[in-house]
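Please read the structure below before turning to the comments.
The values are calculated or read from the model by the stated rules, or taken from the named source; none is laboratory data. All values reported here derive from a predicted model rather than from experimental measurement. As a convention, Cβ positions derive from the backbone with ideal geometry for all residues, glycine included, and neighbour counts pool all protein chains shown.
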Amino acid sequence: MSQGEPILLQDHAALAAALPGARHPAVAARRAEAADRFRRLGLPHARVEAWKYTRLKDLEALPFARAEAVPATAVPDIGLGAVAARVLLVNGRFDAAASELPAVPGLTVRSLKDCLEAGDAAVLELLDRDVDETQAPLAALAGAWLEDGAVLSVDAGVAVDLPVEVVCLAVPGEGPRIAFPRLAVMLGEGASLTLVERFHGPADAVYAVDAATDIAMGAGAALNHYVLQAEGAAATHVSAARCDVPANGRYEGFILQLGGHVARRETRLRMMGAGGDAKLNGAYAATDDAVCDTTTEIRHVAAETTTDQVFKGILDDRSRGVFQGRVNVQRDAQRIVGNQLHNALLLSRKAEVDCKPELLIYADDVKCSHGATCGELSEEEIFYLRSRGIDAATARSLLLEAFLGAAIDLIGNPPVKAAFAARAAEWLALRGVA
Amino acid sequence: MANGLVIKDLHVNVGEREILKGISLSVEPGKVHAIMGPNGSGKSTLAHVISGRPGYEVTGGSVEFNGVDVLEMEPEERAAAGLFLAFQYPVEIPGVTNTVFLKTALNAQRKARGEAEMDPMAFLKFLRDKAKLLQLRDEMLKRPLNVGFSGGEKKRNEMLQMAVLEPKLAILDETDSGLDIDALRIVAEGVNAQRSPERSFLVITHYQRLLDYIVPDVVHVLAHGRIVETGDADLARRLEKTGYADYTPAA
Amino acid sequence: MASSTETVETVNELTGAYKYGFVTDIETDFSPVGLSEETVRFISARKNEPEWLLDWRLKALALWRKMEEPRWAMVSYPAIDYQGLHYYAAPKAKTDGPKSLDEVDPELLSTYEKLGIPLKEQEILAGVVAVDAVFDSVSVATTYKAKLEEKGVIFCSFSEAVQRVPDLVRKYLGSVVPQGDNYFACLNSAVFSDGSFVFIPKGVRCPMELSTYFRINAQNTGQFERTLIVAEEGAYVSYLEGCTAPQRDEHQLHAAVVELVALDDAEIKYSTVQNWYPGDVEGKGGVYNFVTKRGACRGKRSKISWTQVETGSAVTWKYPSCILQGDDSVGEFYSVAITNNAQQADTGTKMIHIGKNTRSTIVSKGIAAGRSDNTYRGLVRVLAGAEGARNYSQCDSLLIGDKSGAHTVPYIESRTPFSTLEHEATTARISDDQLFLCRQRGLSPEEAVALIVNGFCKEVLQNLPMEFAVEAQKLVGISLEGSVG
């Protein structure tokens, strides 16, 4: 991989000079540094432990170019009902015209581009927060092309009642294109927000999304963070969310992954203060030769923090599911509770699941556990339903919905729960899985 | 000097807070004393301090058992000296069977007292006999200590430990909490069977109910860290009617 | 028997915590320092090996030179100077080798007696255990050979097997762990010195436990033993292995390979109590233990069961594994790993399900005290076609003190829907309530910890043969000496 400039960084030096905020040395240096990092790391390979199970084969094989600025196409509705704001990022770029941005007291929505042009220190600081570089070559790539996205801020003490939606829409052009949507979320002390991030793109186009969400929370803030990854079936999707949960902060996350050819969602939480609590749950389903990767890392930095994770996945055809969940308890982070569960169902002889739940514990007053199972639908349960007069196909479909439903039920926000459940059911029905 | 337990002007802090504010109490061999009192009065603290549980700071006073200063002793030394605490919340130890636990404890105490260890076969018979008295099935002796035991089984198991270790003074810390009437009767019979001129009991309870079965010689009422009244078994009966309202401090 | 009480007694009897730290003063025959083709030829010549085996070793050396030392385990240690070691050390004997126990150097016999391993047959417990003793690089004595051979069981040193049954050795050597398998196995393949060889013919149930006792004595010497156990159709054998080393300030390298082969309906039970010198409280000295152990369940309904109690070594890198090839074959891994002071252990297993209806069980208990790091790393892989495969894994960690680390890194890979894999892991500590209860009932803090930890490990310890179980229980307590208070 060392023959010259990687194709994903083609003309970087020249193009970067024209990117927003390039006149600020801090912004320019950040892009240059990220580009260097990506040159050094390259695309993830099998010897990188964090990427042991997932190769970005389309990114390796095809000449991806940066996605152009284009107008929005239709945005799929997921039936969420009323929202506080709907932000549309088209190929990663803030599309104010197509967004719905009513005035909501205490909520500010800006484009990242504007913030970069203005050299906004708070935003830059948030984007610069440490990224473990060997684990994150795609973060380096996105950093090199840092251009636009959305910045959400909620003032201290403000509770935004309705959800804020951020829709990342891919609109491919000629040939394979990659977009870098970027989201920064800042909650003041005691603020609360429900954020729905979703990813959509055309069903059959080859495109890639390398997205990142950085979240800063003030003490006692609460965030519901729901993610729907519904990329097209030929897409490569890599996205990462990083959030520091403060003292008495509450983070509730849910990740529903239903799309992509190769998709990976990373969530990295750091529990920074006593009383912090995080629930991070999710469900995924894959068919054909899709690879669906859910990677989580939770670091208990401070004592008296609790986390709980439940993930469920269904793999059909030749698809492969990957779940990597790491719970890390740092030295002196005492009185920790950290639980994790991953269940996978394999529906086909060619499907595969790779699971790596890790506990790395450096403090002694902890209660940590993980559980993982993989198997098939229970014959006994199918038989039980059939014996009550339900045909085999319906029985299977009921059981699969119920399997994912057990995770989706953990979503705290009722409209989001209903929308995600409907989306999962529709997916199962459409793909003929159920 | 077999004069039993003598507590003089005992003051105990937990952190900055004074929980016991000058307790004096003597329990002679062969006697059963009950300590009653409202929640938070310091009853369990007293039990814990006597048996040496970490986390309490004695700021004044003394506790002697048969003439020896108990407060200077490690918990295991107090056990070997004959002090037994029946826990309010019996602790589980996975993988260590009841039998192994009791054999290890008994032999450790015997050794500390300079006595010979008990032969394994003799111990088994001894243990089974004791278990029978408390209506504990043999199968429970093979199970890990308190793991998967019901509330009642755990409490009976505490009584079994007392029966096996044959202490000189047994402190029952709210042993009646969470027991139904049948379990309560079994526990009480277990205690009564062990009453003897050499053995004394300190029965800590919130309710008078247990004292219908284990009739005390002396009843103390503990409130706000002090013994506010001492009497005979009638005091307990009176309390059942009046409750602890009389002992609420003036606002 | 009250194991914890005895544990403490045993500890009290000792001046230092490590009981086996003495050095035997015996004249030793070394290979020249360093590793080269000449070293390999020297070892092969000393053992009077056939040409094919020398070639096999040389091929391994060539492979090894191209390999890199693995770095993925959660252990850190200074670079090992592979050219600064002796690769062969043997007690000097007057003749080529002792023909019977009477010819064994009395200094050696007394060493084993001190270790609690009497080699004189009449002293061995009512004939239930046969022992092969390996001192540095060579086997010094194998007991009960004649009695075993009546049944057709071959139990001898590896070197002797090469001379006596070369065809068997050639057939199976490297068939489970090929030369180039990994860095340390490859090194072993080039320079292995001795070890045990066991062959149980068809239908034979080995009449007694077989045991090998490994002892590193010489200074600056690596120990590279190689063990090969073959159980033919319907055969059964239970094999025990124990290890100790003297207390030395510098590190000693140990890179062993164990290969097991079980044919149809055969069963091999392999138990290890590893108590190599762990180094002192500060982490000075101790054995680097890089071991490759793997069993192939080649036959239908075959079974391989690993039980290990790992208390020693400064660094442990060890993953006893099962390749479940035969339909309905069974693999088991029961492990207790205790680290204290500055020890580091990265240990676990691999269960590779290939055949139909194969089953595996993993029970791992890690205990970390002092400033140590204790990692379970395990792989369960179910290949397409392994229909009906089942795995159950349970990995529990116990932390003692707030300076140690306990880690669980399982890899679970399934390629068939008709399999059931379950993995559970927990991390906890000894609670203050448990300690206080034990003390209130009369146990000292050390006795309490030994009792609670033995309870925590019970599921594993009860898999050990009786003679070892008691030893292991005591060892659990001794290893944790100084971890509370």
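Is it fair to say B:Ser26 is over 30 Å from C:Glu447 (Cβ atoms) and out of contact with any helix residue (DSSP H, G or I) (no Cβ under 7 Å at 6 or more places or on another chain)?
Working: over 30 Å from C:Glu447 (Cβ atoms): yes; out of contact with any helix residue (DSSP H, G or I) (no Cβ under 7 Å at 6 or more places or on another chain): yes.
Judged against the criteria, B:Ser26 is a match.
Report the residue count in the range A:258-288 for those that are in a strand (DSSP E or B) and closer than 27 Å to A:Val329 by Cβ.
Keep residues of the range A:258-288 that are in a strand (DSSP E or B), which gives A:262-271, A:277-286.
Cutting the leftovers down to closer than 27 Å to A:Val329 by Cβ gives us A:264-271, A:277-284.
So the answer is 16.
Is there any pair with a first residue in the range C:303-326 that is on the phi > 0 side of the Ramachandran plot and a second that is surrounded by fewer than 24 Cβ atoms within 10 Å (Cβ to Cβ) and among the aromatic types (Phe, Trp, Tyr) whose Cβ atoms are under 9 Å apart and which are 6 or more apart or on different chains, and what are they?
C:Ser313/C:Tyr277; C:Ser313/C:Tyr288
Could you list all residues from the range C:445-459 that are surrounded by fewer than 22 Cβ atoms within 10 Å (Cβ to Cβ) and either out of contact with any Ser or Thr (no Cβ under 9 Å at 6 or more places or on another chain) or at positive phi (or both)?
Answer for the range C:445-459, where residues must be surrounded by fewer than 22 Cβ atoms within 10 Å (Cβ to Cβ) and either out of contact with any Ser or Thr (no Cβ under 9 Å at 6 or more places or on another chain) or at positive phi (or both): C:Pro445, C:Glu459.
Those residues that are facing chain C (nearest Cβ under 8 Å), free of Cβ contacts under 8 Å to residues at least 60 places away in the same chain and part of a helix (DSSP H, G or I), I need them from the range B:75-99; list them, please.
Answer for the range B:75-99, where residues must be facing chain C (nearest Cβ under 8 Å), free of Cβ contacts under 8 Å to residues at least 60 places away in the same chain and part of a helix (DSSP H, G or I): B:Pro75, B:Glu76, B:Arg78, B:Ala80.
Within the range B:44-53, can you find the residues that are within 11 Å of the chain's Cα centre (by Cα) and either more than 13 Å from B:Val14 (Cα to Cα) or modelled with pLDDT of 95 or more (or both)?
B:Leu46, B:Ala47, B:Ile50, B:Ser51
What single numbered condition from (1) under 21 Å from B:Pro54 (Cα atoms); (2) in contact (Cβ under 8 Å) with a residue 24 or more places away in the chain; (3) among the aromatic types (Phe, Trp, Tyr) fails to hold for C:Phe436?
Result: C:Phe436 passes all but (2).
Using the structure shown, decide if B:Pro38 is loosely packed, with under 15 Cβ neighbours inside 10 Å, part of a loop (DSSP other than H, G, I, E, B) and touching a helix residue (DSSP H, G or I) at 6+ places or on another chain (Cβ under 9 Å).
No; evaluated as a whole, the condition is false for this residue.
Considering only residues of the range A:68-84 that are closer than 18 Å to A:Asp148 by Cα and touching a strand residue (DSSP E or B) at 6+ places or on another chain (Cβ under 6 Å), which is surrounded by the most Cβ atoms within 10 Å (Cβ to Cβ)?
It comes out as A:Ala72.
I'd like to know if the range A:355-367 contains one or more residues that are among the charged types (D, E, K, R), within 23 Å of the chain's Cα centre (by Cα) and either at the interface with another protein chain (Cβ under 7 Å from one of its Cβ atoms) or closer than 18 Å to C:Leu383 by Cα (or both). Give the steps one after another, and end with the answer.
Here is the first cut: in the range A:355-367, the ones among the charged types (D, E, K, R) are A:356, A:358, A:364-365, A:367.
Retained after the next criterion (residues that are within 23 Å of the chain's Cα centre (by Cα)): A:356, A:358.
Narrowing the set further to residues that are either at the interface with another protein chain (Cβ under 7 Å from one of its Cβ atoms) or closer than 18 Å to C:Leu383 by Cα (or both) leaves A:356, A:358.
Checked against the condition, which is being among the charged types (D, E, K, R), within 23 Å of the chain's Cα centre (by Cα) and either at the interface with another protein chain (Cβ under 7 Å from one of its Cβ atoms) or closer than 18 Å to C:Leu383 by Cα (or both), the range A:355-367 yields at least one hit.
Can you go through A:Ala179, A:Ala219 and tell me which one is surrounded by 24 or more Cβ atoms within 10 Å (Cβ to Cβ) and of a type in the set (Gly, Ala, Ser)?
Criteria check complete, one pass: A:Ala179.
Out of all the residues in the range C:240-251, is one or more touching a Ser or Thr at 6+ places or on another chain (Cβ under 8 Å) and on the phi > 0 side of the Ramachandran plot?
Within the range C:240-251, not a single residue is touching a Ser or Thr at 6+ places or on another chain (Cβ under 8 Å) and on the phi > 0 side of the Ramachandran plot.
Going by what's in this entry, would C:Val363 be described as more than 9 Å from every other protein chain (Cβ to nearest Cβ), surrounded by 23 or more Cβ atoms within 10 Å (Cβ to Cβ) and in a strand (DSSP E or B)?
no
Among the listed residues B:Leu222, B:Leu235, which satisfies the condition of being of a type outside the set (S, T, N, Q), out of contact with any helix residue (DSSP H, G or I) (no Cβ under 7 Å at 6 or more places or on another chain) and crowded, with 16+ Cβ neighbours inside 10 Å?
B:Leu235
Keeping to the range A:373-413, report how many residues are more than 14 Å from chain C (Cβ to nearest Cβ), part of a loop (DSSP other than H, G, I, E, B), free of Cβ contacts under 8 Å to residues at least 60 places away in the same chain and closer than 25 Å to A:Leu341 by Cα.
So the count comes out to 1.
Based on this model, can you work out whether C:Ser175 counts as more than 20 Å from C:Ala90 (Cβ to Cβ), part of a strand (DSSP E or B) and small (Gly, Ala, Ser)?
The answer is no for C:Ser175.
Any chance you could count how many residues in the range B:86-112 are charged (D, E, K, R) and in contact with a helix residue (DSSP H, G or I) (Cβ under 6 Å, 6 or more places away or on another chain)?
Selection size over the range B:86-112: 1.
Go through the range B:109-168 and give me each residue that's surrounded by 15 or more Cβ atoms within 10 Å (Cβ to Cβ), under 18 Å from B:Thr97 (Cβ atoms) and basic (Lys, Arg).
Answer for the range B:109-168, where residues must be surrounded by 15 or more Cβ atoms within 10 Å (Cβ to Cβ), under 18 Å from B:Thr97 (Cβ atoms) and basic (Lys, Arg): B:Lys130, B:Arg143, B:Lys154, B:Arg156.
So, in the range A:340-354, exactly how many residues are closer than 16 Å to C:Phe418 by Cβ, in contact with a strand residue (DSSP E or B) (Cβ under 7 Å, 6 or more places away or on another chain) and within 7 Å of chain C (Cβ to nearest Cβ)? Spell out the reasoning first.
Initial filter on the range A:340-354 (closer than 16 Å to C:Phe418 by Cβ): A:344-353.
After this cut, where a residue has to be in contact with a strand residue (DSSP E or B) (Cβ under 7 Å, 6 or more places away or on another chain) as well, the list is A:344-347, A:351-353.
Narrowing the set further to residues that are within 7 Å of chain C (Cβ to nearest Cβ) leaves A:346-347, A:351-353.
Total satisfying the criteria: 5.
Could you please find all residues in the range C:295-316 being surrounded by fewer than 24 Cβ atoms within 10 Å (Cβ to Cβ) and either within 11 Å of the chain's Cα centre (by Cα) or modelled with pLDDT under 90 (or both)?
none
How about the range C:366-385: which of its residues are assigned to a loop (DSSP other than H, G, I, E, B) and either basic (Lys, Arg) or free of Cβ contacts under 8 Å to residues at least 60 places away in the same chain (or both)?
Residues satisfying the conditions are C:Arg371, C:Ser372, C:Leu383, C:Ala384, C:Gly385.
Under 6 Å between Cβ atoms, at least 6 apart or on separate chains: pull out the pairs that start in the range B:218-229 with a residue that is within 26 Å of B:Pro29 (Cβ to Cβ) and end on any residue that is of a type in the set (S, T, N, Q) and surrounded by fewer than 21 Cβ atoms within 10 Å (Cβ to Cβ).
Final answer for the pair search is B:His220/B:Thr230.
Let me confirm something: among A:Pro63, A:Pro44, A:Pro20, which residue is touching a Pro at 6+ places or on another chain (Cβ under 8 Å), in a loop (DSSP other than H, G, I, E, B), surrounded by 12 or more Cβ atoms within 10 Å (Cβ to Cβ) and at pLDDT 90 or above?
None of the others qualify; the one that does is A:Pro44.
Tell me, which helices (runs of 4 or more DSSP H) lie completely within the range C:386-485 with 3 or more residues that are touching a helix residue (DSSP H, G or I) at 6+ places or on another chain (Cβ under 8 Å) and within 12 Å of chain B (Cβ to nearest Cβ)?
Values: elements: C:432-440, C:445-456, C:458-461, C:466-479.
In the range C:386-485, C:432-440, C:445-456, C:466-479 are the helices (runs of 4 or more DSSP H) which contain 3 or more residues that are touching a helix residue (DSSP H, G or I) at 6+ places or on another chain (Cβ under 8 Å) and within 12 Å of chain B (Cβ to nearest Cβ).
Would a scan of the range A:25-40 turn up a residue that is of a type outside the set (Asp, Glu) and not in a helix (DSSP H, G or I)?
No, the conditions are met nowhere in the range A:25-40.
Considering each residue of the range A:172-189, count those that are assigned to a loop (DSSP other than H, G, I, E, B) and over 19 Å from the mean Cα position of the chain (by Cα), and give that number.
7
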